[in-house]
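Here's the structure we're looking at; comments come further down.
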There are 4 protein chains.
Amino acid sequence: MAKIKVGILGATGNVGQRFIQALDNHPWFEISALAASERSAGKKYGEVADWKIGTEIPETVEDIEVVTIDPKKIDADIVFSALPADLAMTVEPAFAKEGFVVASNASAFRMEEDIPLTIPEVNPDHLELIDVQKKNRNWDGCIITNPNCSTIMMAVTLKPLLQFGMESINVATMQAISGAGYNGIYAMSIYDNVVPYIGGEEEKIETETLKIFGEFDGGKIKNAPFKVSASCNRVPVIDGHTEAVWATLKDDPKPETVRDAFLKFDPGLSHLPTEPKHPIIVRDEPDRPQPRLDRDMGNGMSVSVGRIREGIRYVALGHNTIRGAAGASVLNAELLKEKGYL
Amino acid sequence: MAKIKVGILGATGNVGQRFIQALDNHPWFEISALAASERSAGKKYGEVADWKIGTEIPETVEDIEVVTIDPKKIDADIVFSALPADLAMTVEPAFAKEGFVVASNASAFRMEEDIPLTIPEVNPDHLELIDVQKKNRNWDGCIITNPNCSTIMMAVTLKPLLQFGMESINVATMQAISGAGYNGIYAMSIYDNVVPYIGGEEEKIETETLKIFGEFDGGKIKNAPFKVSASCNRVPVIDGHTEAVWATLKDDPKPETVRDAFLKFDPGLSHLPTEPKHPIIVRDEPDRPQPRLDRDMGNGMSVSVGRIREGIRYVALGHNTIRGAAGASVLNAELLKEKGYL
Amino acid sequence: MAKIKVGILGATGNVGQRFIQALDNHPWFEISALAASERSAGKKYGEVADWKIGTEIPETVEDIEVVTIDPKKIDADIVFSALPADLAMTVEPAFAKEGFVVASNASAFRMEEDIPLTIPEVNPDHLELIDVQKKNRNWDGCIITNPNCSTIMMAVTLKPLLQFGMESINVATMQAISGAGYNGIYAMSIYDNVVPYIGGEEEKIETETLKIFGEFDGGKIKNAPFKVSASCNRVPVIDGHTEAVWATLKDDPKPETVRDAFLKFDPGLSHLPTEPKHPIIVRDEPDRPQPRLDRDMGNGMSVSVGRIREGIRYVALGHNTIRGAAGASVLNAELLKEKGYL
Amino acid sequence: MAKIKVGILGATGNVGQRFIQALDNHPWFEISALAASERSAGKKYGEVADWKIGTEIPETVEDIEVVTIDPKKIDADIVFSALPADLAMTVEPAFAKEGFVVASNASAFRMEEDIPLTIPEVNPDHLELIDVQKKNRNWDGCIITNPNCSTIMMAVTLKPLLQFGMESINVATMQAISGAGYNGIYAMSIYDNVVPYIGGEEEKIETETLKIFGEFDGGKIKNAPFKVSASCNRVPVIDGHTEAVWATLKDDPKPETVRDAFLKFDPGLSHLPTEPKHPIIVRDEPDRPQPRLDRDMGNGMSVSVGRIREGIRYVALGHNTIRGAAGASVLNAELLKEKGYL
């Protein structure tokens, strides 16, 4: 069977490189186009990408000629968007109009009423918003989005807790510097330091979570009724977001019961190539999970939890540019393909 | 007026060095004895102290001959204890029995019913437990303690919030590596990493806070009625504990009202030499306080707060080995002197 | 063909874990025994190894029962030694006497006259010292060693420069903290710091290099005649040693000529499973190689060079616990097998 | 006696802040003007300076109104320049023409024939180039410069070695991130990393050193005859440059002799307010100097040396933005005043 052709918009940046890593040797998808700014267009990817992942740049993309971010320049069925929000705002609709499926990691359209904000393990049914969207907007293609990185880690772990009656959530994040992009943070700002602020991040966690856990009646999503209160911090860690979560649950389950729920969590997606064996890994050591040791579990797609205590309090951790960005989009695309949208 | 003679128990360690720094050129106190393990005894302090603070070792202590930790070897009115908890358990009572005032940073006796656990700006009246203690234990001297470092930063900031009716507190800490002592954490454990666990720390914050804010009726302390839930994390920062606090307050004050309360906070202790001009500093920048930039404010004795948001949520920060340890003990001793106990 | 059985001595430590990583799914070798201290013996490897590499522990070793470091407990043809030098001093001869080939990463026997100190790309002929050794010592087995991590990076890059007439070398190293073992360095010692000293390291580079480049006449090795002067520093980097090298060469070649020599370097070992495609990778960017970006090249077995300038000066970099330790020993064993010693 | 009025050009940046720190409460100088870009002009310094030093901003400058970098706006006898090289190129001559003494930390004019490049402890006589300069250029004022930060640390330590006959120098630097300015280096570039390249730095060390040690005959400086070869590296350290130096000396002195020379080094400048008690501090511990522990010695003005070994090899260390920048300029100005040029 021929592979599905995929393009990457914003292919040279931090998340763009993670998309390439996630799609290299993918069993269903094949990179057919790499799009970036004018400056890079016309040159070989290997020449313009300042490859920073710490592995060799995949040979399959090294010689691909980079094109501008223009629907006419791209031969693909789906494009993955690693664009900044402001650029995504105009570019993504242009691609959707031209018939492309756009799987976006950008925040531009996440909170739009008719655009799915999806984590396959959490709210796969929301993908069906696509039908509403196409009708509304008269597009041949469509846009689907994945949540913000810090939202994803938490949301995956909240899913198995819903059964206990979610009342409210407090979450303090300790986020990696790669989350701000390669050029996002100066060394003098974060070394031997914590920055207790990430612009827009708390709002994203607080609003996106409610949409993700909202009820979809085939037409609209009704936001989840609980409250999320976030305190976001940047810490001197390269990759991997750590989150201290307090989940107030109506049934007041014991920590062991919550641990069991995490262990039993099986969203039934193991046939998707990017889905890890364990979407949630439970660590019983007193001092895990830790970003340097656990961020790469499940090829960076597992969320690790630990320190489940009364409260219920626990720690969640995942790789922000894989599980929290490129991998999240690719997993969404795989689900889309399985559901017949691709 | 002659200065009061002070000794330091555990003078060579991390906190011991901070005691020396805090007492060097002190207007009321004069270091008369430095006590450490057998290994160091008999040698000059400058030879055995592996001075690690990043300033020159004060000349006044360089040539002092270190003695063993023995009441008979020490000529002083008060001793500051930077001992580990297990050693403090037997040593501190021995000194108190021999008539010394022991101002301890150790955790050994903090939660004892008749031993004050004091922060001068928060519960100065608890010092009067000394009278109960002396009677109970038939000691000539006494033991007073200061709370754990992470408790102190939070407690100082909770004091001006009490007026709004404290109901419950969630706190996520991001603590510096110096808090574990110079040899407490391996570089491979914390570099590019977060360790979401510090042994015993959460229990300390949760129990000490209730004692500190307890009501003292002249005989006993009745614990404060609110609940504290802590999640403690170690982050790659040299000095300075950062804390994300959620304080649920009965009166539901606005952030501006809380900010005002912080600004107006004046415990009336400015005559104590170690008391900073502002025990609480309010930062209005969106991204402050930060440990590297704010830990040394007020000579390391100010607690900085910022990001006061609805909830009430805010960030508190202080220097863990100064405000949270040596400086806390010295400030307690100054208050003791003022109250006539010294 | 049945795989060769291999044991690992000191299997639970930092380098022991790297041996497991290097031998997992090895086409020629199969792990048959994991030996560690009494404390771990009798338990499953997965239970006692505090796995710290940041990948899942290989399933093939998780359930292996750890044995004590005793020749009688081990069924293998070759053992890899990740033991500390003092323990290696008595243990390794015991294994050699019992007929084992011991491929050691320890420093204990590196400088012994009849024990090969080998890097396959540099001095493969020195392996034949084994014959002398067996005769001398009347052993059924033998000991072969690989150099110290910082020596290896430099020696690999010196090999193609020999043709220009080596006169003297100055090298300043910037070494990763993993080189000291997981528990080797306190966070307070190295964070925001450089430690310009590593015990014994300069002597190792200065003496080992001369033996490696020594002439072997079938009986003895005559040390190379040039001089090496090293200045070793520890820097806050997890993995990867960076070295600034000055090589004074008789022919005074131009930087381009040296670059060519690096590019053309082909030791003809590409049939060995652990040999990377490029043992030396030449980076032409002005600011490479860098440890975080280049240490994993060639699965951690390539040495990257860059900044080749007049002098001749250049920068060399390699992964200290792979190319500089476990991978070095495994590559030696592969060469041994090829030469018929296994 | 009235204090001399001083202005600071580029007062809001990293080095500008260090100038303020060095001049706050200075016994001879008094800050009368703070100049910065248009954007900051007209506002209070405390409002526009993003103060990043980790101490309170001095009250004496908080309310000073920032002016543009224009000779007409500034009432001062001397201006300190913390400008970037390109801006310094046009601005500094404009000030000199208008009669100001310009003490510059910028690289723009360091290598000009008639402009002194001075370290008071090393080549105080070069200041007399001012007379040549004024004549040449027909200026009422003048420009004097201090060397690049990494040059200064080394040059101070080379001075007492000159007596042994300097033949050549190799130096590998490990430089702090503050050296690139607050916004100079991205966190993703340097965390868990070494960058073996700093643009223009090696050339600066190699050329500036020869001018500094050049012979001044009253008219011209004849460059020193020895050769300097540098390899410059950026390491994850906030402040403090560490340098591994090889000095080939004709007399081949023993390490003890060199140590003695360092200890006896007394440039006779102890009457200058910024001169530290010991311009060179000798550390005898095997693992010192270290940037975090030694950079602040002598208020950041001492250069610490250690690990003096045969070769002669040693390690030198100093605070790059104090001894290597602002403090160097202020010390030059103090010498100028003493010599009657101010």
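The values are calculated or read from the model by the stated rules, or taken from the named source; none is laboratory data. All figures in this text were calculated on a predicted structure; none of them were measured in a lab. Note that we place each Cβ from the backbone using ideal geometry, even for glycine, and neighbour counts take in every protein chain shown. Side chains included, ligands, DNA and RNA excluded: accessible areas come from the protein's heavy atoms. Shrake-Rupley method; radii C 1.70, N 1.55, O 1.52, S 1.80 Å.
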Distance in nm between pseudo-label sites at D:K220 and B:K220 (7 Å out along the Cβ direction from Cα): 9.4 nm
According to a simple spin-label model (label point 7 Å from Cα along Cα-to-Cβ), what is the distance in nm between A:R309 and C:N25? 3.9 nm
Rounded to the nearest 500, the 222 nm mean residue ellipticity computed for the protein assembly as shown from DSSP H runs (n ≥ 4, each -39500 (n - 2.57)) alone is -7500 deg cm²/dmol
Between segment C:107-139 and segment D:17-36, the Cα center-to-center distance that results, in Å: 66 Å
Where does segment C:68-143 land on Rg(C-alpha)/(2.2 N^0.38 Å)? 1.04
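How large is Rg/Rh for segment C:149-319, to two decimals, with Cα atoms and a Kirkwood Rh? Write out the running numbers ahead of the final one.
Working: Rg = 16.0 Å, Rh = 16.6 Å.
Across segment C:149-319, the Cα-based Rg/Rh ratio is 0.96.
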Roughly how crowded by other chains is peptide C:222-234, in terms of the mean Cβ count from those chains within 10 Å of each of its Cβ atoms? 3
Note down the nm distance, to one decimal, between modelled labels 7 Å out along Cα→Cβ at C:D260 and at C:Q163. 0.9 nm
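By the scheme Lys and Arg +1, Asp and Glu -1, what is the net charge of all other residues having a beta-carbon under 11 Å from that of B:E215? Each step should come with its number before you reach the end.
Working: positive: B:K211, B:K220, B:K222; negative: B:D125, B:D217.
Local net charge: +1.
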Between A:G218 and the same site in the other copies, what are the distances in nm, shortest first, taking label points 7 Å from Cα along the C-beta direction? 7.5, 9.2, 10.4
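Roughly how compact is the protein assembly as shown, stated as its Cα Rg over 2.2 N^0.38 Å to two decimals?
Details: Rg = 32.8 Å, N = 1368, 2.2 N^0.38 = 34.2 Å.
For the protein assembly as shown, the normalised Cα radius of gyration comes out at 0.96.
Under 20 °C and 1.002 mPa s, how fast does segment A:12-77 diffuse according to Stokes-Einstein, given a Kirkwood radius computed over C-alpha pairs? Answer in µm²/s, whole number. Mind showing how you got there, number by number?
Numbers: Rh = 12.1 Å.
After rounding, the answer is 177 µm²/s.
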Efficiency by 1/(1 + (r/R0)^6): what FRET value for D:D284 and D:D70, r their Cβ-Cβ distance, R0 = 51 Å, to the nearest 0.05? 0.50
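Local charge sum around A:D70 (other residues, Cβ-Cβ under 15 Å, Lys/Arg +1, Asp/Glu -1)? Intermediate results must be reported in sequence, preceding the final value.
Values: positive: A:R39, A:K72, A:K73, A:K97; negative: A:E38, A:E65, A:D75, A:E92, A:E98.
Local charge sum for A:D70: -1.
Taking 32 Å as the cut-off for C-alpha to C-alpha distance, list the pairs among C:K277/D:K227; D:K72/D:K227; B:K134/B:K264; C:K222/C:K339; A:K52/A:K264 that go past it. Intermediate results must be reported in sequence, preceding the final value.
Details: C:K277/D:K227 39 Å; D:K72/D:K227 44 Å; B:K134/B:K264 36 Å; C:K222/C:K339 23 Å; A:K52/A:K264 37 Å.
Going by Cα-Cα distance, C:K277/D:K227; D:K72/D:K227; B:K134/B:K264; A:K52/A:K264 fall outside the 32 Å limit.
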Accessible area of segment A:233-342 divided out per residue, in Å², using a probe of 1.4 angstrom: 33 Å²
To the nearest whole number, what is the average tally of beta carbon atoms from other chains within 10 Å of the beta carbons of peptide C:166-174? 4
Can you give the FRET efficiency to the nearest 0.05 for C:D86 and C:E47, using r as the Cβ-Cβ distance and R₀ = 41 Å? 0.95
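Peptides C:239-250, C:182-193: what's the order by average Cβ count within 10 Å, highest mean first?
Final packing ranking: C:239-250, C:182-193.
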Could you give the size of the charge dipole of segment D:207-320 about its Cα centre, using +1 on the Cβ of each K and R and -1 on the Cβ of each D and E, expressed in debye and rounded to the nearest 20? 260 debye
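How large is the convex hull of the Cα atoms of segment B:169-213 per residue, expressed in Å³ as a whole number?
Details: hull volume 3.9 nm³, N = 45.
Per-residue hull volume (Cα only) is 87 Å³.
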Would you kindly find the accessible area of D:I281, with a 1.4 Å probe and non-protein molecules such as ligands, DNA and RNA excluded, rounding to the nearest 10 Å²? 30 Å²
Give, as a single signed number, the net charge of other residues whose beta carbon lies under 15 Å from the beta carbon of C:E98, with Lys and Arg counted +1 and Asp and Glu -1. +1
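Give me the inter-chain shielding for C:177-188: mean count of other chain Cβ atoms within 10 Å, whole number please. Display every interim value, and only then the final one.
Working: counts 5, 3, 0, 3, 2, 4, 4, 3, 4, 11, 18, 16.
What the average comes to for C:177-188 is 6.
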With axes computed from alpha carbons, what is the tilt in degrees of helix C:327-338 against the longest principal axis of chain C, rounded to the nearest 10 within 0 to 90? 80 degrees
Calc'd 3J(HN,Hα), segment A:49-55, phi into Karplus 6.51 cos²θ - 1.76 cosθ + 1.60 (θ = phi - 60°), Hz, glycine/Pro = x, comes to 6, 8, 5, 10, 7, x, 10
Looking for one value pair here: nearest-to-axis residue in chain C (by Cβ) for the rotation onto B, and the distance in whole angstrom. C:A187, 2
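Ranking request for peptides C:254-260, C:31-37: highest mean number of other beta-carbon atoms within 10 Å first, then the rest in descending order.
Working: C:254-260: 15.4, C:31-37: 21.6.
Answer by packing, highest mean first, reads C:31-37, C:254-260.
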Under 13 Å by backbone N from the virtual spin label 7 Å along Cα-to-Cβ at D:T60, the residues of segment D:13-29 are D:19-29
Across 20 Å bins beginning at 0, the whole-percent shares of Cα-Cα pair distances in chain B come to 32, 59, 8
Straight-line reach check, B:K254, cutoff 15 Å on alpha carbons, 8 or more apart in-chain or any other chain, hits among aspartates and glutamates -> B:E310
